[in-house]
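**Student:** Sharing a structure with you now.
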């Protein structure tokens, strides 16, 4: 598998997202511009299907005991973590997604947009804005850290 596909697919995954894709790109010696574009595109890949189908998927699987437990856990965890989305709606969603920490990002942002009934178009724009900003933050930390190390530190 090519380095580009590795970055794209890791960035599309629910746990790592672009927080994992951009650092992976650095280890694969991809240029920053390519890492950023691949990571953003990969991170946005699951957003539209999640926004369109998460309610239906949850309804279908909630008919089983394990599905009911899983989706109850997922929705409650997201409600607790995404208070900013509940308070500020679309702007809060963008800020929530932009914070490159565990339990934030496009996947959880899509769940939050579904839970808090943010309109589809507004949710897409908010999540994309958050992903773009998260990509900038992760790129600065990752590639900036490499530059500092190569230049011999901050002093």
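The values are calculated or read from the model by the stated rules, or taken from the named source; none is laboratory data. Everything numeric here is computed off the predicted structure, so don't read it as measured data. Note: ideal-geometry Cβ built from the backbone for every residue, glycine included; neighbour counts use all protein chains shown.
**Student:** Do we have any residue at all in the stretch 104-117 that's over 30 Å from residue 24 (Cα atoms) and outside any helix (DSSP H, G or I)?
**Tutor:** yes
**Student:** So, one more: If you take the residues in the stretch 71-85 that are loosely packed, with under 15 Cβ neighbours inside 10 Å and within 20 Å of the chain's Cα centre (by Cα), which one is farthest from residue 120 (Cα to Cα)?
**Tutor:** Restricting to residues being loosely packed, with under 15 Cβ neighbours inside 10 Å and within 20 Å of the chain's Cα centre (by Cα), the top hit is 73.
**Student:** Restricting attention to the stretch 143-154, does a residue exist that is modelled with pLDDT of 90 or more and assigned to a helix (DSSP H, G or I)?
**Tutor:** No, the stretch 143-154 contains no residue that is modelled with pLDDT of 90 or more and assigned to a helix (DSSP H, G or I).
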